[in-house]
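Remarks on the structure that follows.
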Amino acid sequence: MLYIKYRPKTIAELDNSSVALNLKQVLDSKIIPHAFLFIGQKGTGKTSAARIFAKAVNCLNNKFAKKGESVEPCNICPHCLSITSSSFTDVLEIDAASNRGIEEIKNLIKETAFLPMSGRYRVFIIDEAHMITQDGFNALLKTLEEPPKTSIFILATTNPEKLPKTIISRCFKINFGKAHKKDIHIMINRILTKEKVSLPYEVLDLIAQHGESSFRDSTKILEEFIMQKITTVEGAEKYLGIRGKNNILELIEKSELKNSLSWINEFGESGGNFKSLIEDLLERLRIVLLSKKGLKLDDVEDSSLSISETMLLIKLLMEAYKNLKISPIESLPLEIAIVEFYNQRVNKK
């Protein structure tokens, strides 16, 4: 899999540029926090960043080994290579979804009593940390308050609101946020260069738009395009089920109800994905709305819709999106939304 094959191995390779900067600043500081909280949705690079951090503080050829000023892991020393292959005894990765109870946490805490066997620090990476039970958190709290000098905890979570405030207050927080289109483009180009594959910018843009703000999901789409030999915008739109999305918005803006409904019918008959279509329309309308309110954003499109019309269409499309699951006919929620928008727009004129 491309995502695993090209998983970042250095801070500079991290696809999330803001996280890369934060980590570098932490590693360059004189005091390294002993507890971190990595917050972000799936596929934003939390685990990759945690492993890179573990390599950096245990590397035999960087600033921590008093060899130069770089905090980057060298990725060639025995420590870096062992961490990459998940065989380094001083880096423990735990999935809290399956190791969430008090006994599992107590066993983890016992590990902190031991000095590093070969590294500089023992690094404990706890994925899906929000799945730990309340008793487990209570057992972990004291260790986070008074951690051994040679231990570093990295808690990664997609749901920080499920963590006790006492745990959060003991951690240095790094917010991974959503993957930005610019960073996704950089990641895709990095992979394409190494794979010696070329794709048009418009195709890359479609991948960035439909990767659900996730580096991992965007890489999966890229891999599917490469496997299916998809190299054109038309092919990409057909594969994603979003053919002609620009046309439908243009028809809606012009209040061409008959043509809009005809377009939707053809879209459905040709195998279009209505979920992806509505998601795409909502994202585009969101950008239109924010730009009309004075926010400067990338990829702003011209639109003849007023602010009130944009908000109305967004509300109707959100309702249509909600009704997709219960509709016996997949196209029906969108068709109702377009008719309702057209009727309300006409009545106001």
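Got at least one residue in segment 227-242 being under 21 Å from Asn343 (Cα atoms) and β-branched (Val, Ile, Thr)?
no
Which one is surrounded by the fewest Cβ atoms within 10 Å (Cβ to Cβ), of the residues in segment 181-204 that are touching a residue at least 60 places away in the same chain (Cβ under 8 Å) and of a type outside the set (Lys, Arg)?
Ile186
Hey, Ile191 hits all of (1) on the phi < 0 side of the Ramachandran plot; (2) in contact with a Gly (Cβ under 7 Å, 6 or more places away or on another chain); (3) not hydroxyl-bearing (Ser, Thr, Tyr) but one; which does it fall short on?
Failed condition: (2).
Only one of Ala20, Ala50, Ala54 is in contact with a Leu (Cβ under 9 Å, 6 or more places away or on another chain) and surrounded by 18 or more Cβ atoms within 10 Å (Cβ to Cβ). Can you tell me which?
After applying the criteria, what remains is Ala20.
Report yes if Lys110 is basic (Lys, Arg), closer than 22 Å to His34 by Cβ, part of a helix (DSSP H, G or I) and assigned by TED's automatic domain parsing to the domain that holds Ala49, otherwise no.
Against the criterion (basic (Lys, Arg), closer than 22 Å to His34 by Cβ, part of a helix (DSSP H, G or I) and assigned by TED's automatic domain parsing to the domain that holds Ala49), Lys110 qualifies.
Quick check on segment 67-94: of everything there that is in a helix (DSSP H, G or I) and modelled with pLDDT of 95 or more, which residue is nearest to the chain's Cα centre (by Cα)?
Ile83
Based on what the data block shows, is Ala236 over 26 Å from Tyr201 (Cβ atoms) and among the small types (Gly, Ala, Ser)?
no
Have a look at Thr112, Thr150 and point out the one that is surrounded by fewer than 20 Cβ atoms within 10 Å (Cβ to Cβ), at pLDDT 90 or above, β-branched (Val, Ile, Thr) and within 27 Å of Val71 (Cα to Cα).
Thr150
The values are calculated or read from the model by the stated rules, or taken from the named source; none is laboratory data. Please read these numbers as outputs of a predicted model, since none were measured by experiment. Glycine also receives a Cβ, built like all others from the backbone with ideal geometry; neighbour counts cover every protein chain displayed.
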